[in-house]
1. Just to be sure I understand, how many residues within region 144-158 are out of contact with any Asp or Glu (no Cβ under 9 Å at 6 or more places or on another chain) and over 21 Å from residue 81 (Cα atoms)?
2. Please enumerate the residues belonging to region 96-120 that are out of contact with any Asp or Glu (no Cβ under 8 Å at 6 or more places or on another chain), of a type in the set (S, T, N, Q) and assigned to a helix (DSSP H, G or I).
3. I'd like to check something: does region 149-160 contain any residue that is part of a loop (DSSP other than H, G, I, E, B), surrounded by fewer than 19 Cβ atoms within 10 Å (Cβ to Cβ), assigned by TED's automatic domain parsing to the domain that holds residue 188 and in contact with a His (Cβ under 7 Å, 6 or more places away or on another chain)?
4. Taking only pairs six or more apart or across chains, which ones have beta-carbon atoms under 6 Å, a first residue in region 174-186 that is in contact (Cβ under 8 Å) with a residue 40 or more places away in the chain, and a second residue that is β-branched (Val, Ile, Thr)?
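The values are calculated or read from the model by the stated rules, or taken from the named source; none is laboratory data. Predicted, not measured: the structure shown is a model, and the values here were computed from it. Don't worry about glycine lacking a Cβ; one is built from the backbone with ideal geometry, like all the others, and counts go over all protein chains shown.
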Amino acid sequence: MVTFAPMRKYLCFLLVACAVGAQAAPVNGSADEMDRLLAEKVLADKGLLGQWNEVRASVAEKAQSVADRASELVVNAMGFIGVPYRRGGSSAETGFDCSGFVRAIYQQTVGLVLPRSANQQAANTQVIDKKDLQPGDLVFFNTMRRAFSHVGIYVGDGKFIHSPRSGAEVRVEDMHMAYWQRRFDGARRVVTPAAATAQQ
């Protein structure tokens, strides 16, 4: 004979937990808020709420650290506006080509050595959607009739900083310009050790 006693006990627990959540939540609270309160009640009952809050705080701290590094990276990159383009160049003293500029900025700011060429940088970074771009991400373009032949660093608000071509200097440009829109090849994220830890 099938008994429903365990299920009845479980349903009673859920009703009590919902009642507790409803009392704790504001009258106009959202379903998400009630779900959060219910989850916290269950964790508290199991003695896990303190551990959960520690993990949540740790992840938030690491995420903030990643955001701070991205801001620092963009500020550092902006400091090189006006440095002339030089094919094969990888320093402010000699000038930069596009990938040399990106490589130098990442090495100086976060101590991460990226591959030397734009297509190698594309191959060794994480693919992201254009709508998910954040400051510090890399943007790639087809400017020489081959994929990933040019790279820059996204600075936010649809703009990127790069070392464009011979006779030009490091500068910020708008990705919405027709020239760059037609040649956009994809976005990538450099996963630093700190970022990888924050994602775990």
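1. Looking only at that region, the number is 3.
2. 99, 107, 108, 119, 120
3. Yes, there is a match, as at least one residue in region 149-160 is part of a loop (DSSP other than H, G, I, E, B), surrounded by fewer than 19 Cβ atoms within 10 Å (Cβ to Cβ), assigned by TED's automatic domain parsing to the domain that holds residue 188 and in contact with a His (Cβ under 7 Å, 6 or more places away or on another chain).
4. Hits for this filter: 183/143.
Here's the yes/no breakdown for (1) surrounded by fewer than 19 Cβ atoms within 10 Å (Cβ to Cβ); (2) charged (D, E, K, R):
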{"position": "70", "(1), (2)": "no, no"}
{"position": "77", "(1), (2)": "no, no"}
{"position": "83", "(1), (2)": "no, no"}
{"position": "87", "(1), (2)": "yes, yes"}
{"position": "92", "(1), (2)": "yes, no"}
{"position": "95", "(1), (2)": "no, no"}
{"position": "100", "(1), (2)": "no, no"}
{"position": "105", "(1), (2)": "no, no"}
